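Readers should treat all values here as calculations from the given coordinates under stated rules, not as data from a laboratory. Here the structure is a predicted model, which is why all the values come from computation and not from measurement. Cβ sites come from the backbone with ideal geometry, for glycine too, and all protein chains shown count toward neighbours.
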Amino acid sequence: MPQNPDKIQDHVELFHQPEYKQLFQNKKEFENGHSPEEIERVAEWTKGWEYREKNFAREALTINPAKGCQPLGAIFAAVGFEGTLPFVQGSQGCVAYFRTHLTRHYKEPFSGVSSSMTEDAAVFGGMQNMIDGLANSYQLYKPKMIAVCTTCMAEVIGDDLQAFINNAKDAGSVPKNFPVPYAHTPSFVGSHITGYDNMMKGILSNLTAGQKKATSNGKINFIPGFDTYVGNNREIKRIAGLFGFDYTILADNSDYLDSPNTGEFDMYPGGTKLEDAADSINAKATVFLQAHSTVKTREYIEKEWKQEVVVSRPWGIKATDEFLMKLSELSGKPIPEELEIERGRAVDAMTDSHAWIHGKRFAIYGEPDLVYSVVGFMLEMGAEPVHILVHNSNDVFEKELQALLDSSPFGQGATIWGGKDLWHMRSLLFTEPVDLLIGNSYGKYLWRDCKVPLVRIGYPIMDRHHLHRYSTIGYQGVINLLNWIVNTIFEEIDRNTNIPSKTDISYDLIR
Ligand code: SF4
């Protein structure tokens with residue numbers, strides 16, 4: 001069905017045209033679909049406790065997972081480094097998914113290549129794909145580093161990346177001293193945060209090999225973790241600038257994922273120079289801004305780099321206070337007055353917002369560190385978590401989160417649902433309703449189904465623009481979070497009070 005070139009329509013309008021309506025009707029008849037009454041009856045049944053019990057008895061099926069796969073996190077980790085091309089040993093379709101997923105969130109091109117393994121590689125192994133792929137990537141795209149990870153296919157057949165890369169170097173695909181760090185990232189275990197961790201460890205161990213010096217360079221390293229808010233890297237840089245200490249972000253992907261439009265395409269705007277990354281082994285300390293997406297990297301740095309390692313997630317007032325005090329201790333410099341003033345502004349914004357958030361029952365889903373940080377902030381505001389769903393959970397995380405819940409009078413009614421998906425969340429929301437849902441864009445279907453207002457925080461956010469550009473950490477992050485949360489509550493109130501002489505008794509202009 002051709003578009004009318006004089007009036008190109010967005011899909012929202014296009015599919016309401018008569019020819020599409022007819023097409024959908026024909027499809028339904030062809031598929032012998034159920035009657036609207038039957039669909040309605042079953043839909044209603046799925047909202048009750050009986051269905052919830054069946055849903056939670058599910059073992060071998062995931063519906064709407066709240067996690068991504070390992071290589072997605074690995075290529076995300078790689079692009080913060082200068083001149084770095086992510087290279088995925090595996091099938092083309094997987095890599096197309098990672099690239100589009102990231103592009104839809106950031107509205108930026110995401111450059112990553114695959115070795116395009118097909119049936120022959122699945123049978124005989126993917127070594128020739130690696131040899132050809134590295135040679136082509138090096139010649140065509142002229143990177144300074146190629147960071148290799150895998151998809152499930154390469155892992156199932158047992159491709160040995162270290163051996164393959166050595167063989168590719170022997171075959172002359174890339175120069176012998178060209179950095180090709182790698183990480184095995186099988187997606188049938190772990191999630192995108194595991195892939196991030198594996199790749200970060202792989203890159204840092206490659207670049208810092210043989211670089212340890214007798215004296216410290218006096219810098220502080222920051223490792224953000226799988227943090228998708230580019231504003232957070234910029235906030236770290238701003239805070240470090242206010243303090244006036246030297247630092248290295250491992251790795252700064254803010255300009256890659258939010259690049260300026262100058263009219264010229266820059267394929268590699270990764271902000272961390274390879275020489276700075278190599279020298280990070282000589283820093284005074286490394287501060288991790290997430291815990292659960294950096295487990296192996298942290299173990300590696302603690303053991304091999306012999307420097308102080310700190311985990312600090314500065315979301316909310318208390319955690320930001322602790323973060324800044326730690327930076328003051330590490331740098332030997334006082335907390336800048338400007339940040340103290342910002343703190344006052346953040347506390348004022350919390351006070352202004354308090355009446356709207358205090359006592360609100362909420363559900364949340366997402367990655368462990370994000371969920372931990374948002375729950376901590378909401379407890380500061382007196383909100384009451386009810387359903388906390390973390391698909392890629394584990395015992396260590398759940399113990400840590402439970403301790404946070406136990407520390408607050410507002411955390412007593414929460415249940416942690418580890419290893420569950422968004423179809424489980426649907427049952428929870430119907431049987432035990434809440435005032436607010438916090439999560440990524442996939443919560444849109446829960447919003448529509450369960451009529452619970454959705455605050456979009458997390459990754460991916462594909463149906464709202466620009467949110468990734470803001471910071472969620474530090475005192476400025478407090479104000480941004482309040483903005484998203486309180487204004488979602490206001491929109492919901494407006495939606496429920498907008499029918500003249502029916503629901504508009506208190507249609508309120510002043511809040
Ligand atoms: S789960 Fe495995 S097969 Fe699926 S997209 Fe991820 S890497 Fe590819």
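With θ set to phi - 60°, apply the Karplus curve 6.51 cos²θ - 1.76 cosθ + 1.60 along region 457-469 and write out the HN-Hα couplings as whole Hz, x wherever there is a Gly or Pro.
9, x, 9, x, 10, 10, 10, 9, 9, 6, 4, 5, 7
Between ALA209 and LYS142, what FRET efficiency follows from the Cβ-Cβ distance if R0 is 22 Å, with the result rounded to 0.05?
Calculated value: 0.40.
Taking Rh as the Kirkwood radius computed over C-alpha pairs, what is the Stokes-Einstein D of region 330-417 at 10 °C in a medium of viscosity 1.306 mPa s, expressed in µm² per second?
110 µm²/s
Counting pairs of alpha carbon atoms under 8 Å apart in space and at least six apart in sequence, what relative contact order in percent does region 247-397 give?
17 percent
Can you give the Rg to Rh ratio of region 181-255, both from alpha-carbon atoms, with Rh computed by the Kirkwood formula?
1.03
Using each residue's phi in region 308-317, evaluate 6.51 cos²θ - 1.76 cosθ + 1.60 at θ = phi - 60° and report the 3J(HN,Hα) Karplus result to the nearest Hz, with x for Gly and Pro.
Running phi through 6.51 cos²θ - 1.76 cosθ + 1.60 with θ = phi - 60° gives 5, 10, 10, 10, 8, 10, x, 9, x, 6 Hz.
Using Cβ counts within 10 Å as a stand-in for footprinting exposure, how do PHE430, PHE81 rank, fewest first?
PHE430, PHE81
Kindly give the semi-axes, whole Å and largest first, of the ellipsoid equivalent to region 1-152, taking each as the square root of 5 times a Cα gyration tensor eigenvalue.
Whole-Å semi-axes of the equivalent ellipsoid: 41, 25, 17.
Divide the volume of the convex hull of the Cα atoms of region 352-497 by its number of residues and quote the answer in cubic angstrom per residue.
Spread over its residues, the Cα hull of region 352-497 gives 111 Å³ apiece.
Considering all projection directions equally, how large on average is the shadow of the alpha-carbon convex hull of region 469-511, in square nanometres?
Mean orientational projected area (region 469-511, Cα hull): 3.6 nm².
Can you give the convex hull volume per residue for the Cα atoms of region 116-267, as a whole number of Å³?
Given the Cα convex hull of region 116-267, per-residue volume reads 152 Å³.
Give the long-range amide H neighbours of GLY418: residues separated by 5 or more places, or on another chain, with amide H under 5 Å away, using H modelled in the peptide plane at 1.01 Å from N.
Correct list: VAL390.
What is the extension gain from HIS465 to LYS273, computed as 0.36 nm multiplied by their sequence separation minus the C-alpha to C-alpha distance, in nm to one decimal?
Here the answer is 66.2 nm.
May I ask you to sort TRP49, TRP447 by Cβ crowding, counting other Cβ atoms within 10 Å and putting the fewest first?
Result, fewest neighbours first: TRP49, TRP447.
Gain in length, GLU329 to THR351, computed as 0.36 nm per residue apart minus the alpha-carbon separation, to one decimal in nm?
Answer, rounded to one decimal: 5.0 nm.
Tell me, what is the percent relative contact order of the chain, built from C-alpha pairs under 8 Å that lie six or more residues apart?
Rounded, it is 15 percent for the chain.
Under 5 Å between amide hydrogens, which residues at least 5 positions from ALA285 or on another chain qualify, with H placed 1.01 Å from N in the peptide plane?
ASN221
Would you mind calculating the gained length between TYR97 and VAL123 on full extension (0.36 nm times residue separation, minus the Cα-Cα distance), in nm to one decimal?
Working it through step by step, the gained length comes to 7.0 nm.
What residues of region 494-509 lie in the reach of a label at TRP447, counting those whose backbone N is under 13 Å from a point 7 Å from the Cα along Cα→Cβ?
Output list for this probe position: 495.
Could you give the spread of the C-alpha atoms of region 70-116 along their three principal axes, from largest to smallest, in whole angstroms?
So the three principal-axis extents are 23, 22, 17 Å.
What is the fewest-to-most order of HIS466, HIS391 by other Cβ atoms lying within 10 Å of their Cβ?
HIS466, HIS391
Of ALA122, LEU204, SER173, which is farthest along the charge dipole of region 70-208 in the positive direction, counting Lys and Arg as +1 and Asp and Glu as -1 at C-beta?
Farthest along the dipole direction, towards plus: LEU204.
Per-residue HN-Hα couplings for region 378-393, Karplus 6.51 cos²θ - 1.76 cosθ + 1.60 at θ = phi - 60°, whole Hz, x for Gly and Pro?
5, 5, 4, 8, x, 7, 10, x, 10, 10, 10, 10, 10, 5, 9, 8
Suppose R0 equals 56 Å. What FRET efficiency, 1/(1 + (r/R0)^6) with r the Cβ-Cβ distance, do ASP508 and LYS54 give to the nearest 0.05?
That gives a FRET efficiency of 0.85.
Based on Cβ point charges of +1 for Lys and Arg and -1 for Asp and Glu, what charge dipole magnitude is obtained for the chain about its Cα centre, in debye rounded to the nearest 20?
It comes to approximately 460 debye.
Quick one: Cα convex hull volume of region 220-338, Å³ per residue?
120 Å³
Starting from the amide H of VAL311, placed 1.01 Å from N in the peptide plane, find each other amide H under 5 Å away whose residue is 5 or more places distant or on another chain.
PHE288
Which net charge results for the neighbourhood of CYS149, defined as the other residues with beta-carbon distances under 15 angstrom from its beta-carbon, given Lys and Arg at +1 and Asp and Glu at -1?
Every neighbour counted, the sum reads -1.
Hey, what number do you get for the chain at 222 nm if only DSSP H runs of n ≥ 4 count, each worth -39500 (n - 2.57), divided across all residues, to the nearest 500?
-15000 deg cm²/dmol
Using alpha-carbon positions, what is the distance between the centroids of region 348-400 and region 472-502, in Å?
One Cα centre to the other: 16 Å.
What are the semi-axes of the equivalent ellipsoid of the chain, taken as the square roots of 5 times the eigenvalues of the Cα gyration tensor, listed largest first and rounded to whole Å?
With the √(5λ) rule applied to the chain, the semi-axes are 39, 33, 22 Å.
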